[in-house]
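**Student:** Dropping the structure in here first, questions after.
Please treat every number below as a calculation from the coordinates, not as lab data. Since the structure is predicted, the reported quantities are computational estimates derived from the model, not experimental observations. Cβ coordinates were reconstructed from backbone atoms using ideal geometry, including for glycine residues, and neighbour counts include every protein chain displayed.
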Amino acid sequence: MPREVLDPDKSTVDTASVEAGLDALDAPPTGSRSRRNLFRAVVSPIIAMVITVVIWQVLWSAAIWPEYQLPAPLTVGEQIWKITQTGQVWEFLWVSVHRAVIGFLVSVAVATPLGLLLAKVPLVRAAIGPLISGLQSLPSVAWVPAAVLWFGLTDGAIYTVVLLGAVPSIANGLVSGIDQIPPILPRVGKVLGAGRLDSARYILLPAALPGYLSGLKQGWAFSWRSLMAAELIATSPQLGFGLGQYLHNAMSLSDMSMVMAGILLIFLVGVGIELLVFRPMESAVLRARGLSGAL
Amino acid sequence: MTMTATLEATETAVRLTGVRKTFGHGNRAVTALDGIDLRVAPGEFVCLLGASGCGKTTVLNLIAGLDEPSSGKIELTTSRPAVMFQEAALMPWLTAARNVELPLRLAGVRKADRETRTQELLDLVRLGGVGDKRPHELSGGMRQRVALARALASALDGNRGEAASLLLMDEPFSALDAITRDVLQGELLRVWQTTRTAVVFVTHDVREAVRLGQRVVLLSSKPGRVVQEWSVTGLTGADELDAVAEINARLREVISSHAA
């Protein structure tokens, strides 16, 4: 009996439908995010916060520490309510947040070309790369005395501290974003006909976007921290009244509930901007690329 | 100075004459290719076969213009061959359609034309319906087909808007599972017959080379030289198996000559 040779082209099932079947079987499932994920993202941090406040309340009731070291949660709440009632809180927030935003935007404008130079010019990287990385680990509060001596108690001093805090982390984020581009992508760009400029615009910059965004996020955190350090130390009537000064006053008045209210407000602004601005941006970029580690 | 020239004659898609490639300098220099002569006719399907280190990828990179030969001459009829790598290497931030459109955008093709061309090419690889999916939503085989469509799109520009005249493929199916590879080999033959492009296909798989190619060119390793060529056009059944056995035997011979 002659052996039958299977020829896929002559079999009853045609290639097109085999291929369509394979596509359906092999394509990764595109399930939408479930309610459980939403629950985990929103409800679980709220529960954690409630538990923290409960523990705080219990510790306060146990009266282990005197009132001037650990005030009751309610007293701190009243403190915030008070400045909200008088409307002062908006002034504090406006002074601090607008400074942080301006400082951050200037940092982005300085750090982006700097990061591109560091990533693309080996000589520049060899020369100032270690310096930029070193600056990132230097607490920016260390710059406050120098900034005050250079610029006096002015906005200039405060912006100097913010820039020195934020620029290195944004630049480093961009550098690592560019370093992590798979080498195959620029090669593909070349065979697809991209010159140097087109390659930067259509391949390198979009490919480096996730790293750049995480640099921006870190840069914002550094701007905010540096700003608070600067406001806390460099206080003067001509500098306006921000959250840092509020905290400084609280310390001078030895009013612990006011201190904690100040810390809480600083924390809320930092977390709020991260959650409302950077997290959605980052997760949109990552999700579009199938890197949905972030929420 | 580039050694790559554009061929005027139409009887050749690509011609390599005495191509040598040396990496490194002085006594640490490694000769990857030692005098490769190869001519591929328009519309011809040639498989370059060889073990690791035979420089088959180097040959492809030289033809693609990603690297320059140390000496010798490479002549092409097209100014931009279509190139496909082992990985699909799609841009992860672009949809499948945008990936295919990218080379057209780089070439400055008008938007309306870009969209028509993209849809045609996606239909050609039977992915007309998934243009708006992102690479991570596609299977490995689908990604490789998008990469094929994109490579063909990149060749349009160098060919005055005509279909690709030269397609260079570097082990494009070796990372896929067996069933997908089998289907994609069939698909590639269909696309080849539709577009009548010349193909230079690099592989280390003898069966694949015999199934796909009209001609199989065996390269030796370190340095790469052309050892032998077989015409395998239209072989079926027992003849095909015989050809696979013969080429396999020769390949094993070449590899065992490297045993220390």
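**Student:** Can you show me the helix-derived [θ] at 222 nm for the protein assembly as shown, built from DSSP H runs with n ≥ 4 at -39,500 (n - 2.57) apiece and divided by the number of residues, rounded to the nearest 500.
**Tutor:** For the protein assembly as shown, the value works out to -18500 deg cm²/dmol.
**Student:** Right, another one. Work out how much length A:I64 to A:L197 would gain on full extension: take 0.36 nm times their residue separation and subtract the Cα-Cα distance, in nm to one decimal.
**Tutor:** 41.3 nm
**Student:** Quick check on my link table: of B:K21/B:K56; B:K21/B:K222; A:K190/B:K133; A:K120/B:K111, which ones sit more than 21 Å apart, alpha carbon to alpha carbon?
**Tutor:** A:K190/B:K133; A:K120/B:K111
**Student:** Another question, if that's okay. Give a residue-ordered list of calculated ³J(HN,Hα) values for region B:12-27 (Karplus: 6.51 cos²θ - 1.76 cosθ + 1.60, θ = phi - 60°; whole Hz; x for Gly, Pro).
**Tutor:** Calculated HN-Hα couplings, in order: 10, 8, 8, 9, 10, 10, x, 7, 10, 9, 10, 9, x, 10, x, 7 Hz.
**Student:** Further question on the same structure: Set the Förster distance to 35 Å, then compute FRET efficiency between A:W150 and A:Q180 from the Cβ-Cβ distance, nearest 0.05.
**Tutor:** Efficiency, from the Cβ-Cβ distance: 0.45.
**Student:** How large is ³J(HN,Hα), in whole Hz, for each residue of region B:115-121 in order, when computed from phi with the Karplus curve 6.51 cos²θ - 1.76 cosθ + 1.60 and θ = phi - 60°, using x for Gly and Pro?
**Tutor:** Values, residue by residue: 5, 5, 4, 4, 5, 4, 5 Hz.
**Student:** I'd like the distance separating the alpha-carbon centroids of region A:182-260 and region A:138-164, in whole Å.
**Tutor:** Using only Cα atoms, the two centres lie 17 Å from each other.
**Student:** Return the long-range amide H neighbours of B:G35 (sequence gap of 5 or more, or a different chain), with a cut-off of under 5 Å between placed amide H atoms.
**Tutor:** Under 5 Å from the amide H of B:G35 lie the amide H atoms of B:V19, B:R20, B:K21, each far enough along the sequence or on another chain.
**Student:** What spacing in nm lies between the two simple spin-label points modelled at B:E120 and A:S236, each 7 Å away from Cα in the Cβ direction?
**Tutor:** For the pair B:E120/A:S236, the computed spacing is 7.1 nm.
**Student:** While we're looking at this one, here's another question. Counting alpha carbon pairs within less than 8 Å and at least 6 residues apart, what relative contact order, in whole percent, applies to chain B?
**Tutor:** 27 percent
**Student:** Hey, what does the equivalent ellipsoid look like for the protein assembly as shown, semi-axes from the Cα gyration tensor as sqrt of 5 times each eigenvalue, largest first, whole Å?
**Tutor:** Calculated on Cα positions only, the semi-axes equal 62, 28, 21 Å.
**Student:** Let me ask another. For region B:36-130, just run the numbers: alpha carbon Rg, then divide by 2.2 N^0.38 Å, N being how many residues it has.
**Tutor:** For region B:36-130, the normalised Cα radius of gyration is 1.32.
**Student:** Rounded to the nearest 10 degrees, what's the angle between the helix A:155-179 long axis and the longest principal axis of chain A, both from Cα atoms, 0 to 90?
**Tutor:** 20 degrees
**Student:** If you don't mind, another one. Taking the radius of gyration and the Kirkwood hydrodynamic radius from Cα positions alone, what is the Rg/Rh ratio for region A:139-242, to two decimal places?
**Tutor:** Rounded to two decimals, Rg over Rh is 1.23.
**Student:** At 7 Å along the Cα-to-beta-carbon direction for both B:K111 and B:S256, put a label point, then send me their distance in nm to one decimal.
**Tutor:** Here the modelled spin labels are 6.5 nm apart.
**Student:** Given the peptides A:130-140, B:181-191, arrange them by the average over their residues of other C-beta atoms within 10 Å, most packed first.
**Tutor:** B:181-191, A:130-140
**Student:** In 10 Å bins starting at 0, how do the alpha-carbon pair distances of region A:72-288 split up by percent?
**Tutor:** 8, 29, 29, 19, 10, 4, 1
**Student:** Can you find, among A:A261, A:F278, A:A207, the residue sitting farthest towards the positive end of the charge dipole of region A:159-295, where Lys and Arg contribute +1 and Asp and Glu -1 at Cβ?
**Tutor:** Working it through, the farthest residue towards the positive pole turns out to be A:A207.
**Student:** Quick one: if you stick a label point 7 Å off each Cα along the C-beta vector at A:K82 and A:N37, how many nm between them?
**Tutor:** For A:K82 paired with A:N37, the spin-label model returns 4.5 nm.
**Student:** Return the whole-Å distance between the Cα centroid of region B:118-140 and the Cα centroid of region B:210-249.
**Tutor:** Spelled out, the Cα-based centre of one part sits 33 Å from the other.
**Student:** From zero up to wherever the largest Cα-Cα distance of chain B sits, split into 5 Å bins and tell me the percent of pairs in each.
**Tutor:** 1, 6, 13, 17, 18, 17, 13, 9, 5, 2, 0, 0, 0
**Student:** Continuing with this model, one more query. At 10 °C and a viscosity of 1.306 mPa s, what translational diffusion coefficient does Stokes-Einstein give for region B:116-196, taking Rh as the Kirkwood radius over Cα pairs? Give it in µm²/s as a whole number.
**Tutor:** Rounded, D is 121 µm²/s.
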